[in-house]
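This report refers to the structure that appears directly beneath it.
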């Protein structure tokens, strides 16, 4: 978390679909890709939920291990993509970390 706010600027940019802002933040502070908010969601969880494929690609290029991160409800980004029906995002996540698909099935 950054300061007293539950989300980082990267969380907000990812959730709102601001690709250029996401890229700028990742250029300056790539470690933000691994930050979790109060709901234990990463920026990848939020971009996945909205179906923002290009943002998902940027986030996993910086921190592909976030494909394994589970939010407070026990969902990793692959499960969220499945629930929301974002097939192109799901394909990208499976291509990046196929093992996360098994983890999603096991939970």
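Here, each number is a calculation from the coordinates, and none is a lab measurement. Everything quoted here is computed from the prediction, not taken from an experiment. Methodologically, a virtual Cβ is constructed for each residue, glycine included, from the backbone with ideal geometry; neighbour enumeration extends over all protein chains shown.
One table, with the values for the structure above:
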quantity: For the chain: relative contact order, % (alpha-carbon pairs under 8 angstrom, 6 or more apart); calculated: 22
quantity: The chain: angle of helix 53-62 to the longest principal axis, Cα-based, in degrees nearest 10; calculated: 80
quantity: Residue exposure sequence - 44, 26 - by fewest surrounding Cβ within 10 Å; calculated: 26, 44
quantity: Alpha-carbon centroids, the range 16-37 and the range 69-83: separation in whole Å; calculated: 19
quantity: Nearest-ten-degree value, helix 87-96 long axis tilted from longest Cα axis of the chain; calculated: 90
quantity: Least to most buried among 86, 11, 18 (fewest other Cβ within 10 Å first); calculated: 18, 86, 11
quantity: 222 nm mean residue ellipticity, helices alone, for the chain (DSSP H n ≥ 4; -39,500 (n - 2.57); rounded to 500); calculated: -16000 deg cm²/dmol
quantity: Relative exposure of 24, 35, judged by other C-beta atoms within 10 Å (fewest first); calculated: 24, 35
quantity: Unit Cα scatterers, Debye sum, the range 1-83: log10 I(q)/I(0) for q = 0.15, 0.16, 0.24, 0.26 Å⁻¹; calculated: -0.43, -0.49, -1.16, -1.37
